[in-house]
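Reviewing the structure listed below.
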Amino acid sequence: MAEQKFVKLKSIGNKFIKIKCKDCGNEQITYSKVSSTVVCNICGATIAKPTGGTVAVSGEYTGEL
Ligand SMILES: [Zn+2]
């Protein structure tokens, strides 16, 4: 399995955001600040992880809800 690269989003406050899984294309809603990793509901890939601040994502950030 290829190593996943996580990119921390710029600070956007407390919001729901959409992240597109780069493995299967599923668009999933999560929170801008999470306390545990977020996995894709379809393929199980890790798409976001906590940083202590704004979430870091491996998928494509597609906007706020
Ligand atoms: Zn997926």
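What follows is calculated from the coordinates using simple rules that are stated; it is not laboratory data. Nothing here was measured: the structure is a model prediction, and the numbers come from that model. A quick note on method: Cβ atoms are made from the backbone with ideal geometry, for glycine too, and the neighbour counts reach across all protein chains shown.
For the pair A56 and K22, label points projected 7 Å from Cα toward Cβ lie 1.3 nm apart.
Taken about its Cα centre, the chain carries a charge dipole of roughly 220 debye when the Cβ of each Lys and Arg holds +1 and the Cβ of each Asp and Glu holds -1.
Suppose the chain between Q4 and C43 were pulled fully straight at 0.36 nm per residue; how much longer would it get relative to their current alpha carbon spacing? It would help to have the intermediate numbers written out before the result.
Values: separation 39, 0.36 × 39 = 14.04 nm, distance 1.45 nm.
Length difference between fully extended and current span is 12.6 nm.
The 3J(HN,Hα) values that the Karplus relation (6.51, -1.76, 1.60; θ = phi - 60°) gives for segment 37-45 are, in residue order, 5, 10, 10, 5, 5, 8, 10, x, 5 Hz. Gly and Pro appear as x. Remark: segment 13-28, residue by residue, has Karplus-estimated 3J(HN,Hα) of x, 8, 9, 7, 10, 10, 10, 9, 5, 7, 7, 10, x, 5, 9, 10 Hz, where x stands for each Gly or Pro and the curve is 6.51 cos²θ - 1.76 cosθ + 1.60 at θ = phi - 60°.
Rounded to whole Å, the principal axis extents of the Cα atoms in segment 13-64 read 27, 19, 13, largest first. For the chain, GluC sites (Glu not before Pro) meeting the loop criterion (DSSP other than H, G, I, E, B) and having at most 14 other Cβ atoms within 10 Å: E3.
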